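The values are calculated or read from the model by the stated rules, or taken from the named source; none is laboratory data. Note that the structure is predicted; figures quoted are calculated from it, not measured. We place every Cβ from the backbone using ideal geometry, glycine too, and count neighbours over all the protein chains shown. Ligands, DNA and RNA are stripped out before the accessible areas are found, and what is left, the full protein with its side chains, is counted by its heavy atoms. Shrake-Rupley method; radii C 1.70, N 1.55, O 1.52, S 1.80 Å.
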Amino acid sequence: MIEQQKVAVITGGAKGIGRSAAKVFIDNGMRACILDVDITEGNKMQEEFGESLLFINADVSKSKDVAAAIEQCMAKFGRIDYLINNAGIQKYANAVTCLEEEWDLIMNVNLKSYFLCAKYCLPHMQAAGGGCVINVASVQSFVASANAVHYLTAKAALLGFTRSVAIDFAPAIRCVAVCPGTVDTPMVRSAWAEAVDPSAIEEASINMHLLKRVAQPEEIGELIYYLCSPKASFITGQAFRIDGGLGVAIDVSVKEGQKKK
Ligand code: BMA
């Protein structure tokens, strides 16, 4: 029965990490309701996954859009079990060069939308008997890259937001932050495209991970699914880094301590 299938609401679900999370939930017999501003990619997802998926064109930084989208999701699927807060934009600026509009944009999409979606989804998740909220944050919730004042601030704040939801909605609802390193997504590609030498940034990004590569979105989608599943039933309030070892080394290029032959 359709009503019994669990439903995941996924923001930024048409591309990158959100898209692969939607695919894992559907592959495991669940339904995905994806909210995204990208109509072209959203429609493609709708075509690919048919009745298992509902694409809603919504700007999740606006409460009117979120309220309407969640109502539409409930009308179609009748329940919400998981919320995957994932929508994100990345731009480069420091505390002086950052335009006020850009600060607001990043805060609204990368932080406020997480609150708005929680606000509208949590009552339905409680009504469904419980569930899990995943906040896609970043390795940059812990370590900093240059020129990312707005992005870094939002990603760090998500750890507090995760703990807050975990405390206030336990025990029925768990809340976990997922903190990826560099992932090959349209968001990261478009941020790189703004650099003077995008291929140099790509190479540097590969090298800063101990595993000497960037992640594929599917690797993050699998962790999100696992954390929502009953296998992760004792995990809440925590942040999980999935970052190929980024930040483990003081400097990946320095081999201090290697002995002479
Ligand atoms: C991610 C994005 C990537 C970046 C990575 C590691 O959140 O910002 O562009 O490469 O963190 O800094």
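Helix check for the chain. Which DSSP H runs span at least 18 Å along their own axis by Cα, with a mean Kyte-Doolittle hydropathy no less than -0.5? Intermediate results must be reported in sequence, preceding the final value.
Numbers: long enough: 63-77 (21 Å, 0.27); 113-127 (22 Å, 0.35); 149-169 (30 Å, 0.86).
Once both thresholds are applied, what remains is 63-77, 113-127, 149-169.
Here are some pairs, 112/231; 212/255; 112/155; 6/231; 76/112; which of them have Cα atoms lying more than 18 Å apart in this structure? Could the numbers behind the result be given before it?
Details: 112/231 29 Å; 212/255 16 Å; 112/155 11 Å; 6/231 16 Å; 76/112 25 Å.
Flagged as over cut-off: 112/231; 76/112.
Give me the three principal axis extents of segment 1-97 from the C-alpha atoms, as integers in angstrom, largest value leading.
Reported extents, whole Å, longest axis first: 56, 26, 22.
Restricting to Cα pairs below 8 Å that are 6+ residues apart, what does the relative contact order work out to for segment 7-260? Please round to a whole percent.
Numbers: 472 pairs, mean separation 49.4, N = 254.
Averaging sequence separation for qualifying contacts and normalising by length gives 19 percent for segment 7-260.
Taking Rh as the Kirkwood radius, which is the inverse of the mean 1/r over Cα pairs, what is the Rg/Rh value for the chain? It would help to have the intermediate numbers written out before the result.
Details: Rg = 18.5 Å, Rh = 18.8 Å.
Computed over Cα atoms, the ratio is 0.99.
So, with +1 on the Cβ of K and R and -1 on the Cβ of D and E, and no other charges, what is the size of the charge dipole of segment 7-260 about its Cα centre, to the nearest 20 debye? Spell out each step's value before the answer.
Working: 23 positive and 27 negative charges, 163 e Å.
Roughly 780 debye for segment 7-260.
Which of rounded, prolate, oblate describes segment 74-220, given a ≥ b ≥ c as roots of the alpha-carbon gyration tensor eigenvalues and a/c under 1.5 marking rounded, otherwise prolate only if a/b is larger than b/c? Can you show the working numbers first?
Values: a/c = 2.22, a/b = 1.76, b/c = 1.26.
Note, shape of segment 74-220 comes out prolate.
What's the magnitude of the charge dipole for segment 124-244 around its Cα centre, counting Lys and Arg as +1 and Asp and Glu as -1 at the beta-carbon? Answer in Debye, nearest 20.
Details: 8 positive and 10 negative charges, 91 e Å.
Dipole about the Cα centre, nearest 20: 440 debye.
Could you compute the net charge surrounding residue 92? Neighbours are other residues with a C-beta less than 11 Å from the C-beta of residue 92; K and R count +1, D and E count -1.
On the way: positive: 91; negative: 102, 194.
That sum, taken over residues with Cβ under 11 Å, equals -1.
What size of dipole, in debye to the nearest 20, comes out for segment 185-261 about its Cα centre when the only charges are +1 on Lys and Arg C-beta atoms and -1 on Asp and Glu C-beta atoms?
On the way: 9 positive and 10 negative charges, 111 e Å.
For segment 185-261, the charge dipole is close to 540 debye.
Return the calculated 222 nm mean residue ellipticity for the chain, to the nearest 500 deg cm²/dmol, obtained by summing -39500 (n - 2.57) across DSSP H runs with n ≥ 4 and dividing by the residue count. Don't skip to the answer; put the middle values down first.
On the way: 9 runs with 113 residues, N = 261.
Counting only the DSSP helices, I get -13500 deg cm²/dmol.
5 Å is the cut-off here: which amide hydrogens, built 1.01 Å from N in the peptide plane, fall below it relative to residue 7, excluding neighbours closer than 5 in sequence?
Residues meeting the amide H criterion: 31, 81, 82.
Quick one: if you stick a label point 7 Å off each Cα along the C-beta vector at residue 48 and residue 229, how many nm between them?
Calculated label separation equals 2.1 nm.
Roughly how many nanometres apart are two label points built 7 Å out from the Cα toward the Cβ at residue 212 and residue 163?
3.8
Along the charge dipole of segment 7-260, which of 147, 211, 238 sits closest to the positive end, that is, farthest toward it, with unit charges on the beta carbon of Lys, Arg, Asp and Glu (+1, +1, -1, -1)?
238
Using the Cα centre of segment 41-94 as origin and beta-carbon charges of +1 (Lys, Arg) and -1 (Asp, Glu), tell me which of 45, 89, 75 is placed farthest towards the positive end of the dipole.
89
Probe of 1.4 angstrom, ligands and nucleic acids ignored: what's the accessible area per residue over the chain, in square angstrom? Display every interim value, and only then the final one.
Details: 12930 Å² over 261 residues.
Accessible surface, normalised per residue, equals 50 Å².
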